[in-house]
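Each remark here refers to the structure printed beneath this line.
The values are calculated or read from the model by the stated rules, or taken from the named source; none is laboratory data. Quick caveat: nothing in here was measured; it's all calculated off a predicted structure. Glycine gets a Cβ as well: all are built from the backbone with ideal geometry, and neighbour counts include every protein chain shown.
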Amino acid sequence: MITRVEVQSLRMRALLLAGNPRDSVADVVTHLGAMQAQDLASGLWSLGMRLRGAGGSAGPGGAVTQALVEEALERREALRTWPMRGTVHLVPARDAAWMLALMGVKPLRDAARRRAFLGIDEQTVEHANAALEEALAGGGRLSRAQCLEVIAAAGVEAPRQVGYHLLWYASQVGLTCIAPHVDGEQTFVLLREWVPDHVELSREQALATIARRYVRSHGPVTVKDLARWTGLGVRDCRAGVAGAGDDVAEVATEEGPMLVSGDVAASLSGGVTPVEGWVIPPGFDEFMLGYGDRSAFLDDGHLEAVVPGSNGVFRATLVRDGRVVGTWKRSLKARRCVVEVAPLVRLGAAARREAESAFAPYAGFVGLPVEVSWAA
């Protein structure tokens with residue numbers, strides 16, 4: 001039977017946070033299936049910290065930098081859109097269309113109530129989409145502000161909340177997607193032009209694929225975890241697990257039956273090696289947001305420190321041996337990056353030096369020396 005500590009270690013490895021980096025952004029996002037990315041800076045580091053070279057050892061291309069990750073996104077190794085739960089994620093570019101079709105049904109159904117609240121109707125949405133499609137056709141790329149100008153020029157009044165809803169809806173139905181920033185501004189493109197060679201899957205194939213990827217990248221997990229993550233019903237999730245065949249296996253844990261990848265299940269006879277070392281996931285990372293029950297990583301009473309007031313805004317975490325031992329926040333200056341760490345457990349001088357060294361890859365990533373200070 002797998003213990004809670006072993007579940008924690010297996011999840012850290014599944015999440016690519018325990019010494020098993022990937023060689024490209026495409027590899028990372030395909031392994032994870034989808035990655036939280038409503039905050040772009042968090043999303044970039046979520047990718048970067050999982051690339052070979054980000055752990056301190058030199059990779060084939062040297063140090064991992066934010067520019068390297070941004071270049072990969074410009075090459076369309078991944079893109080940002082709203083594939084599930086109405087929330088922005090990074091997904092494999094060629095998979096965006098089928099993911100939206102599979103998991104966008106409920107958000108689109110709920111959107112009708114949102115439009116009623118905002119005082120807009122279906123005709124308004126269709127009019128806005130038509131204007132965006134015309135403006136972006138032929139390789140167009142517009143900033144958020146420019147998209148809203150296009151919508152306004154078409155006769156659609158789009159104050160802040162209405163404008164956000166219209167841009168969200170256009171991406172939710174697969175018309176547009178979020179392209180990399182230009183001059184610090186979010187941009188939009190037509191999805192069919194940005195990714196002309198998208199993957200086509202039947203519903204059964206799509207269910208099996210998303211189940212396979214979630215279990216592989218987050219396991220051990222339950223079917224309810226999969227349902228929460230995808231926004232799909234439990235029945236669909238069970239069908240996906242069944243469709244994944246031998247790629248997904250059930251194992252016994254102290255918390256009850258859970259699902260792991262077939263490869264992991266085959267390796268369990270040799271035991272589970274505990275995870276050791278320090279990592280510094282950003283706030284909006286699958287490490288925290290990929291699970292409803294975070295007790296495998298968080299001690300009792302620490303959730304409030306990570307999500308103050310349960311407001312949905314997660315703080316970046318300092319993780320030792322698979323457990324959250326502190327939070328951190330950055331402040332970018334002209335010539336340095338100042339990081340303030342707030343410990344949640346007692347950390348002696350030696351532990352603090354080890355923790356500070358964990359920020360060395362982040363210094364290379366942002367291209368600035370990192371100065372670590374400790375909150376009382």
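Residues that are closer than 14 Å to Met99 by Cα and in contact with a His (Cβ under 8 Å, 6 or more places away or on another chain) within the stretch 33-50 comprise Ala34, Met35, listed in sequence order. No other residue among Glu250, Glu255, Glu286 is at pLDDT below 95, surrounded by 12 or more Cβ atoms within 10 Å (Cβ to Cβ) and not hydrophobic (A, V, I, L, M, F, W, C) apart from Glu255. Just one of (1) hydroxyl-bearing (Ser, Thr, Tyr); (2) touching a Phe, Trp or Tyr at 6+ places or on another chain (Cβ under 6 Å); (3) surrounded by fewer than 19 Cβ atoms within 10 Å (Cβ to Cβ) fails for Ser202. It is (2). Residues that are among the polar types (S, T, N, Q) and buried (at least 22 other Cβ atoms within 10 Å of the Cβ) within the stretch 77-92 comprise just one, Thr81. Among the residues making up the stretch 332-356, those that are assigned to a helix (DSSP H, G or I) and surrounded by 12 or more Cβ atoms within 10 Å (Cβ to Cβ) are Ala351, Arg352, Glu354, Ala355, Glu356.
Looking only at residues in the stretch 267-321 that are part of a loop (DSSP other than H, G, I, E, B) and touching a Pro at 6+ places or on another chain (Cβ under 8 Å), the one that is farthest from Tyr362 (Cα to Cα) is Asp321.
Test Leu108 against the criterion of being surrounded by 20 or more Cβ atoms within 10 Å (Cβ to Cβ) and either part of a helix (DSSP H, G or I) or not assigned by TED's automatic domain parsing to the domain that holds Ala211 (or both), and give yes or no. It is false that Leu108 is surrounded by 20 or more Cβ atoms within 10 Å (Cβ to Cβ) and either part of a helix (DSSP H, G or I) or not assigned by TED's automatic domain parsing to the domain that holds Ala211 (or both). Taking the conditions (1) at pLDDT below 95; (2) buried (at least 17 other Cβ atoms within 10 Å of the Cβ); (3) among the small types (Gly, Ala, Ser) in turn, Gly33 satisfies each one other than (1).
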